[in-house]
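**Q** One structure, pasted below without further comment.
The values are calculated or read from the model by the stated rules, or taken from the named source; none is laboratory data. Only a predicted model underlies this, so the values are computations on that prediction, with no experimental measurement involved. Here Cβ is always computed from backbone atoms with ideal geometry, including for glycine, and neighbour counts include all displayed protein chains. These accessible areas exclude ligands, DNA and RNA; they are computed on the full protein's heavy atoms, side chains included. Shrake-Rupley method; radii C 1.70, N 1.55, O 1.52, S 1.80 Å.
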Amino acid sequence: AVPRTRILATGGASHNKKILQVLSDVFNAPVFTIDTANSACLGSAYRAIHGLVAEKNVSLADVVKLASEPRLAVTPTPGAEEV
């Protein structure tokens with residue numbers, strides 16, 4: 001089975017519902033956002049934490065579990081995949 005696709009939108013455009021809707025319709029997948037102003041820094045911080053605990057065999061997935069869950073922003077428009 002193919003895993004279900006979901007999109008995580010970050011940055012300035014993630015605040016524009018129309019852009020998010022286009023992404024959702026084009027990829028036929030729900031789009032999620034996070035409430036973090038500077039997501040690039042957040043990703044770097046998680047990688048840094050992962051590096052600090054790497055000797056303890058802690059996976060990046062376990063480190064990222066500390067993050068808040070993304071919020072559903074938009075879902076595909078019904079029938080969009082046919083267009």
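**Q** Given points 7 Å out from each Cα along the Cα-Cβ axis, report the residue 65 to residue 77 separation in nanometres with one decimal.
**A** 4.0
**Q** Just by accessible area at a 1.4 angstrom probe, what is the order of 71, 47, 4 from largest to smallest?
**A** I get 4, 47, 71, largest accessible area first.
**Q** If you roll a 1.4 Å probe over the heavy atoms of the protein chains, what accessible area per residue do you get for the chain, in Å²?
**A** Heavy-atom SASA per residue in the chain reads 75 Å².
**Q** What distance in nm separates the simple spin-label points at residue 18 and residue 39, each placed 7 Å from Cα in the Cβ direction?
**A** 2.0
**Q** Not counting ligands, DNA or RNA, and with a 1.4 Å probe, what is residue 5's accessible surface area in Å² rounded to the nearest 10?
**A** 80
**Q** How high is the relative contact order of the range 7-74? Use alpha-carbon pairs under 8 Å, at least six apart in sequence, and give a whole percent.
**A** 41
**Q** Would you compute, from DSSP H runs of 4+ residues alone, the mean residue ellipticity of the chain at 222 nm, taking -39500 (n - 2.57) per run and dividing by the full residue count, rounded to the nearest 500?
**A** Numbers: 3 runs with 31 residues, N = 83.
Mean residue ellipticity at 222 nm (helix-derived): -11000 deg cm²/dmol.
**Q** Across 5 Å bins from 0, what is the distribution of all Cα-Cα pair distances for the chain, in whole percents?
**A** That works out to 3, 14, 19, 18, 16, 13, 9, 5, 2, 1, in percent per bin.
**Q** Could you tell me what percent of the accessible area of the range 7-74 is made up of carbon and sulfur, with a 1.4 Å probe and every protein chain present?
**A** C and S fraction of accessible area: 61 percent.
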